[in-house]
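The values are calculated or read from the model by the stated rules, or taken from the named source; none is laboratory data. Because the structure is predicted, anything quoted here is derived from the model rather than measured. We work out accessible area using only protein heavy atoms, side chains counted, and drop any ligands, DNA or RNA first. Shrake-Rupley method; radii C 1.70, N 1.55, O 1.52, S 1.80 Å.
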Amino acid sequence: MTVLPFTVELLAVPEAVPEMRRVLRRRLGEADVPDLLLCVSELLTNVIVHLGVGAPVTLHISGTGSGRVRVELSDPAPGVWPAMRFAAGDAESGRGLVLLDAFALRWGVEQGPYVKTVWCELRASGVGEGLDVRRGRERPSLQRR
């Protein structure tokens, strides 16, 4: 099953989060990809919360050539960088980047003059044959370029 690359331009609205999960599930067929869906959801939600509803974004998912899947979410706010926070136990938000850091093999931010891209990499078993992010996890680490 060929699943990558995948690129879509959309507006960051609350309805886009479950819609992207549905689109990706459909595109991936029966592949079990909860880590990928979680990372896409958290990245998109961060844009909604920190830039505002309706911000234009581009989601790009591709293979890295080294057995990983790269998820990139670009937005038009290069000066607004994500910051990892540690939410209190009863807080209803503030865990997005902590989750991303826990599930991704690595993640970071790339800044251009008019755009910022937050990216993460997940393990995949055979890009183009379906994704399996459950196998052989490396220790996650924060890496910024």
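Grab the Cα-Cα distance for Glu9 and Thr45, subtract it from 0.36 nm times how many residues apart they are, and report the gain in nm with one decimal.
11.4 nm
Keeping every protein chain in place, order Met20, Met84 by accessible area at 1.4 Å, biggest value first, i.e. largest first.
Per-residue accessible area, sorted high to low, gives Met84, Met20.
Using 0.36 nm per residue of separation minus the Cα-Cα distance, give me the extension gain between Ala83 and Arg25 in nm, one decimal.
Working: separation 58, 0.36 × 58 = 20.88 nm, distance 2.87 nm.
Extra length from Ala83 to Arg25 when fully extended: 18.0 nm.
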